Each structure stands twice: as C-alpha cells, then as structure tokens.
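Trainee: Let me give you the structure first, and then I'll get to my questions.
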Amino acid sequence: MEKEENLKAENKHSKKEEKEEIKSKNDDQSSEDIKEQSAEKIYEEKILELEDKLARTFAEMENQRRRFEKEKEEAFEYGGFSFAKEALNLIDNLDRSKQILQNDETLKNSDALKKTLEHFDIINKDLVSVFLKNNIKPIDSLNKKLDPNFHQAMIEVEDNQKEPGIIIQEIQKGFTIGDRLLRPALVGVSKKPENKDKKNEENKENLENK
C-alpha cells in the first residue's frame, strides 16, 4: 500500500516536471518568436528608412543636375550681357555723331556730308547685324503702346491724332538679349492736348479769387 502511494507520488511529481518543462519550452519558443518578430520589424524599418534616404538622394541629385543645366544654358546665353550692354555705346555714339554732322550748317547739302552719313549707316547696319547674330535685338517702339517692361517714358507730347500713351518719339533705342531686357528704350509718348479755353478760364478764376 505504501509502495503504491510512493509510486503515485513519483508519477505525479514526474508529470508535474514534464508539464513545467513543456511550459518552459513553450515560453522559450514564444520568447524566441517575439525576438524574431522584433528583429524582422527592425530590419523592415531600416530598409524603409534606407529606401527613403535613397529616394531623397536621387531627388536631390536630379535637382542639382537641373540647376546645373539651367546655369550652363544661362551662362552660354547671357555670358556676354555686360559686354553687350557696353557695346551699345558704339551705336549711341554713331547716332550722336550723325546728328551733329546733320545739324552743322557748314556741311549741309555737301557731298562730303552725304558720303560720311552713308558710311555711318553702313557701320550701324554692320553693328546691328553682329548683335542679331548674338541674339541681341532692337526693341520696336514707334507707334507702339508704352510697355513699362521695355520702354521708359522721358517726355509727354501733346497729340490730338493719337490716343494717350502711344510712342511718337524714340530718344534712345532699347535692346533685348534673348528673353532679357538689355536696356529699355527711352521714348516720348502722346498725351491729350490741354483745353486752352478751359485752362484760361481756370487761370482767370484763380486771379479773381486772389
């Protein structure tokens, strides 16, 4: 009887140990599974982070490439901007010299003046031709509506034949280089003539009030 009880006790203890061992193994397995899942999650996060960094790097490289291309194009197209602006002085000086000669009473209607002016015109055309080859173009101004992007009004001239703001005089020719303004055209624009009778009445009223 005592032996049977001892056997039962041993069996019970053995089963308990087996259960604890199984439970321990299951706990170990669960812990390993959790560790593996955590590791996988960390790897996935790192991969996503690397992919994001890579995408940003490629985007930045593409932006830099575009900026470089734009700067290269602008350098090629507008590299001579300052030189071109200074070169316009040649045309201005030719025009001034031409006007001085034309206004000289001692040279008027002379063959010498005629030939000199012809040479000036040839030089002027050659200069404009060189400018055109380098994408430098004169601004068309006369009889055009004043455009502040290309014209600078210097004087207003009364004209009852044209609507206000029309360019009727070109004081200095303007030029563009590519799609940029090299210098504005200096112009005179039309304005409505003042009503003299109305002005006289206003002056009369002002005098009477005094």
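What follows draws every value from the coordinates through simple rules; no lab data is involved. Since we're looking at a predicted model, the values are computed, not measured. Every residue, glycine among them, receives a Cβ derived from its backbone with ideal geometry; neighbour counts consider all protein chains shown.
Trainee: Report the extension gain between residue 83 and residue 158 in nm, rounded to one decimal, defined as 0.36 nm multiplied by the number of residues separating them, less their alpha carbon distance.
Mentor: Additional length available on full extension: 23.2 nm.
Trainee: Hey, with R₀ at 35 Å, roughly what FRET efficiency would residue 125 and residue 181 work out to, going by the Cβ-Cβ distance, to 0.05?
Mentor: Numbers: r = 23 Å, r/R0 = 0.66.
After rounding, the FRET efficiency stands at 0.90.
Trainee: Apply the Karplus parameterisation 6.51 cos²θ - 1.76 cosθ + 1.60, with θ equal to phi minus 60°, to every residue of segment 144-154 and state each ³J(HN,Hα) to the nearest whole Hz, in sequence, with x for glycine and proline.
Mentor: 9, 5, 4, 10, x, 6, 10, 10, 10, 6, 9
Trainee: Same structure again: In the structure displayed, which of 98/191; 98/173; 125/173; 144/192; 115/173; 98/125 lie more than 21 Å apart, Cα to Cα?
Mentor: Numbers: 98/191 29 Å; 98/173 15 Å; 125/173 14 Å; 144/192 16 Å; 115/173 24 Å; 98/125 14 Å.
Those over the limit are 98/191; 115/173.
Trainee: Go ahead and collect, in residue order, the members of segment 139-167 whose backbone nitrogen is under 19 Å from a label point 7 Å along the Cα-Cβ direction of residue 96.
Mentor: 154
Trainee: Could you size up the charge dipole of segment 80-134 around its Cα centre, putting +1 on the beta carbon of Lys and Arg and -1 on that of Asp and Glu, and report it in debye to the nearest 20?
Mentor: 140 debye
Trainee: Of 110, 82, 124, which is farthest on the positive side of the dipole of segment 80-134, counting Cα position, with +1 on Lys and Arg Cβ, -1 on Asp and Glu Cβ, and the Cα centre as origin?
Mentor: So the residue furthest toward the plus end is 82.
Trainee: If you stretched the chain out fully between residue 42 and residue 194, how much longer would it get, using 0.36 nm times the residue separation minus the C-alpha to C-alpha distance?
Mentor: Gain in length upon complete extension: 46.3 nm.
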